[in-house]
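Report on the structure given below.
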Amino acid sequence: MDGLSIVWLDLPTIISGTVSNEKERMRIDSTEIHSDSVFFIAEAGSNHNGDLEYAKGLVSAAAEAGADAVKFQNFVPEELLSGSTEEIENLRELALSREEMETLQKHVQSLDISLLSTPFDQTSATLLDELGLPAIKIGSGDLNNYPLLEHVAAFDRPMIVSTGMATIEEIETAEKRIRAVNPEIDLAFLHCVSAYPTDIEDLNLRMIADIDAHVEGAVGFSDHSLATETTGLAIAMGATIVEKHFTLSRRLSVPDAEVSLEPDELSRAVEIARNAARAKGDSDKRPIDAELDNQREFRKSVHATTEIAANSPISKEDISLLRPADGLPPEMLDSVVGKEATVSLSAGDPIKRKNLNIE
């Protein structure tokens with residue numbers, strides 16, 4: 001068979017399309033969470049210090065940073081802590097009442113952001129359901145609190161569950177207990193390291209993929225480090241939900257100051273997360289539309305390096321691989337040697353099939 005018998009187009013014809021990996025995993029309010037997006041939760045926690053106006057300021061800061069949701073924590077001190085009266089009273093100062101949560105709900109209505117919360121007991125979970133929050137977050141400490149998991153699952157609201165301190169087996173058990181109550185529930189599990197703050201070398205972001213391989217639904221990352229870039233790194237590892245603690249200032253005496261970003265850092269973390277979600281793109285390796293013009297310009301093809309007379313055989317010294325890709329492809333270089341040129345060629349001319357005498 002002739003060495004030039006394969007089909008060659010001088011300018012390769014490439015059918016280019018967009019292959020989307022997009023698949024909806026869950027929905028919170030009007031926001032779809034899918035494999036090509038990120039849902040960013042700004043975790044206010046108890047950083048309001050019991051001050052409702054400060055809590056409203058946290059909501060506004062989260063919205064200004066571009067977060068999808070701002071999250072607080074709800075608890076009944078007596079149902080959370082087995083401690084002294086003094087400890088319980090100190091905790092009570094941080095508890096958000098129904099009326100305060102209703103005020104925060106009204107505040108978010110004027111902003112493009114969702115209000116979420118983490119309940120630490122069934123009474124608080126029931127309150128969040130009655131208030132109609134669009135999703136309920138379960139903290140890492142309650143991953144094996146099956147009565148609470150099952151109680152929340154019965155509300156038929158999206159659930160987001162953090163997995164700090166947990167094994168894969170514990171995560172699988174939690175999912176089974178939740179889905180036994182509500183098989184079709186929108187459910188997400190967030191990789192989390194319960195160290196405050198978390199050192200970069202302890203983040204173990206590969207665990208996101210491990211969780212994803214063992215559960216249904218969305219996976220994500222709840223971060224207790226002070227690094228802003230971790231949101232993007234987590235998304236590159238497969239997270240579709242990320243959560244970062246924040247405060248208006250780390251100089252303030254608030255419960256989670258040492259693991260909380262300040263507003264400008266939160267904005268940067270959100271920006272990194274959005275860019276990371278956009279940058280993931282497709283998994284189908286192929287030239288994209290933006291590369292097609294450069295493909296011809298940057299790739300090489302067979303060109304003459306000296307004058308070649310018509311009807312004379314082409315030697316190895318007469319040709320080389322040069323830009324642009326307007327001649328025969330590189331894999332045809334050796335096949336050209338010994339073939340006769342049908343026309344006179346100058347140095348730099350592309351060698352094309354029609355330039356060769358092939359019987």
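The values are calculated or read from the model by the stated rules, or taken from the named source; none is laboratory data. Note that the structure is a prediction, hence the values are computed from the model and not measured. Neighbour counts run over all protein chains shown; Cβ positions are idealised from the backbone, glycine included. Ligands, DNA and RNA are excluded from the accessible area calculation, which covers all protein heavy atoms including side chains. Shrake-Rupley method; radii C 1.70, N 1.55, O 1.52, S 1.80 Å.
Tabulated data for the structure shown
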read-out	value
Residue within the stretch 326-335 that is more than 30 Å from Glu93 (Cα to Cα), free of Cβ contacts under 8 Å to residues at least 40 places away in the same chain and open to solvent by less than 50 Å² (accessible area, probe 1.4 Å) present	yes
Candidate set from the stretch 227-255 (those that are more than 25 Å from Thr31 (Cβ to Cβ) and either out of contact with any helix residue (DSSP H, G or I) (no Cβ under 7 Å at 6 or more places or on another chain) or not in a loop (DSSP other than H, G, I, E, B) (or both)); member that is most open to solvent (accessible area, probe 1.4 Å)	Arg251
Selection status of Leu345, within 25 Å of Asp293 (Cβ to Cβ) and either surrounded by 13 or more Cβ atoms within 10 Å (Cβ to Cβ) or basic (Lys, Arg) (or both)	no
Residue in the stretch 133-150 that is nearest to Glu43 (Cα to Cα), counting only those that are touching a helix residue (DSSP H, G or I) at 6+ places or on another chain (Cβ under 8 Å) and surrounded by fewer than 19 Cβ atoms within 10 Å (Cβ to Cβ)	Asn144
Qualifying residue in the stretch 191-208 (condition: small (Gly, Ala, Ser) and assigned to a helix (DSSP H, G or I))	no
Residue count, the stretch 256-266 (criterion: surrounded by fewer than 16 Cβ atoms within 10 Å (Cβ to Cβ) and either hydroxyl-bearing (Ser, Thr, Tyr) or over 21 Å from Ile235 (Cβ atoms) (or both))	2
Only listed residue being in contact (Cβ under 8 Å) with a residue 24 or more places away in the chain and either over 30 Å from Phe39 (Cα atoms) or basic (Lys, Arg) (or both), chosen from Ile288, Ile319	Ile319
Residue check, Leu127 outside any loop (DSSP other than H, G, I, E, B) and more than 20 Å from Ala188 (Cα to Cα)	yes
Selection status of Leu116, assigned to a helix (DSSP H, G or I) and within 24 Å of Phe221 (Cβ to Cβ)	no
Single residue of Ala269, Ala213 found to be part of a helix (DSSP H, G or I) and crowded, with 16+ Cβ neighbours inside 10 Å	Ala269
